[in-house]
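The values are calculated or read from the model by the stated rules, or taken from the named source; none is laboratory data. Remember, it's a predicted structure, so these values are computed and weren't measured experimentally. With ideal geometry, Cβ positions are generated from the backbone for all residues, glycine too; neighbour counts draw on all protein chains shown. Areas reflect the complete protein model, heavy atoms only, side chains present, ligands, DNA and RNA absent. Shrake-Rupley method; radii C 1.70, N 1.55, O 1.52, S 1.80 Å.
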Amino acid sequence: LSIDPDGNTAWVTADELGRKKVFAVELATGTVTPRSENGSVASVLADATQLVFLRDDLRTPAELFRLAKAGGEPTAITTINTTKVTAAQMGKAEPFEFVGAGGDTVHGWVVEPVGLDAAKTYPVALLIHGGPQGSFGDHFHYRWNPQAYAGAGFGAVMIDFHGSTGYGQAFTDAINDDWGGKPLTDLDKGLEAALAKYPWLDGTRVCALGASYGGYMINWIAGKLPDRFRCLVNHDGLFDMRSM
């Protein structure tokens, strides 16, 4: 649960946007209480007394956790990745927001390059998610992982443009028949907002990268914003919607 089906934000705090937690709902009062930490929860299984689920975040691969229904904090069942994660150098991740297409609030994430020196500037990897009705979120991605770019000395910028999930159904549906419109505006405005907020990002050295719908948007960018980026990377991008 990240937001209720009607798009109301009363169920969540700003800190929970872009995250997938376990929540407890008191049936008598409707009171909603988060029962897991920040990050993303998936594959929830339950019996009479407990829940078991996977949890990850932008700096931690998935591990199994157990949560008693009666109360208390989640406890780890597995620590498969602990040794490698402890040894790895990763960049700090931070959410940000800006005014995007149509004056709507749009959310994104910035991941710092490893060993950030705020007195220096770093090239930028603008990652574009697929779907287009998907989301980046506080999640350890196994294909387009921003830490791979952070480790190579890039600042990674990720935008949950119009069409992304987790911000209400109206936001998700907003790009029906408009794949090249609002998302392009959001990516353009989101990049500029990130450059303004994080002065160590070098706006003259930006590469945009995407797969599937993200690759479609790379093709669109090549035609619409040909001079904005130093390089464009298209993986599996859609290019002929009639034949595809």
Give me the one-decimal nm value for the distance between modelled label points at A87 and D177, 7 Å along each residue's Cα-to-Cβ direction. 5.6
Over the Cα atoms of the range 83-222, compute the convex hull volume and normalise it per residue, giving Å³. 102
So which of K84/K120; K69/K92; K20/K84; K21/K189; K189/K224 end up more than 26 Å apart, counting from Cα to Cα? K84/K120; K69/K92; K21/K189
Would any residue of the range 183-224 have its amide N under 13 Å from a label point 7 Å out along Cα→Cβ of R230? List them or say none. 201-208
For the range 123-184, which chymotrypsin sites (Phe, Trp or Tyr not before Pro) are in a loop by DSSP, counting at most 10 other Cβ atoms within 10 Å? Y142
Report the extension gain between L64 and T79 in nm, rounded to one decimal, defined as 0.36 nm multiplied by the number of residues separating them, less their alpha carbon distance. 4.6 nm
Whole-percent carbon and sulfur contribution to the accessible surface of the chain (1.4 Å, no ligands, DNA or RNA) stands at 53
Calculate log10 I(q)/I(0) of the range 65-137 for q = 0.12, 0.17 Å⁻¹, where I(q) comes from the Debye formula with a single equal point scatterer on each Cα and nothing for solvent. -0.64, -1.00
Relative to the longest principal axis of the C-alpha atoms of the chain, give the angle of the C-alpha long axis of helix 182-197, reported between 0 and 90° and rounded to the nearest 10°. 90
Measuring from label point to label point, each 7 Å out along Cα→Cβ, what is the E94 to R205 span in nm? 2.0
Length gained, M244-A24, 0.36 nm per residue minus C-alpha separation, equals 74.9 nm
Mind pulling the angle between the C-alpha long axis of helix 213-224 and the longest principal axis of the chain? Nearest 10 degrees, somewhere in 0 to 90. 30
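Can you give the percent of C-alpha pairs in the chain whose distance is more than 22 Å? Write down the numbers at each step before the final one.
Values: 16822 of 29646 pairs.
Considering the chain, 57 percent of its Cα-Cα pairs are separated by more than 22 Å.
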Apply the Kirkwood formula to the range 40-89: the hydrodynamic radius equals the inverse of the mean of 1/r over all pairs of different alpha-carbon atoms; give it in Å with one decimal. 11.7
Taking a probe of 1.4 Å, how large is the accessible area per residue of the chain, in Å²? 51
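Restrict the search to the range 143-228; then list the trypsin sites (Lys or Arg not before Pro) that DSSP places in a loop and that have at most 10 other Cβ atoms within 10 Å of their Cβ.
Here the trypsin sites (Lys or Arg not before Pro) that fit, given the DSSP loop and packing criteria, are R143.
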Length gain on complete extension for the stretch E192 to N38, per 0.36 nm per residue less the alpha carbon to alpha carbon distance? 52.8 nm
As a test, work out the antiparallel percent of DSSP beta bridges whose residues both lie in the chain, rounded to the nearest 5. 65
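Go ahead and estimate [θ] at 222 nm for the chain from helices alone: -39,500 (n - 2.57) per DSSP H run with n ≥ 4, summed, over the residue count, rounded to 500.
-5000 deg cm²/dmol
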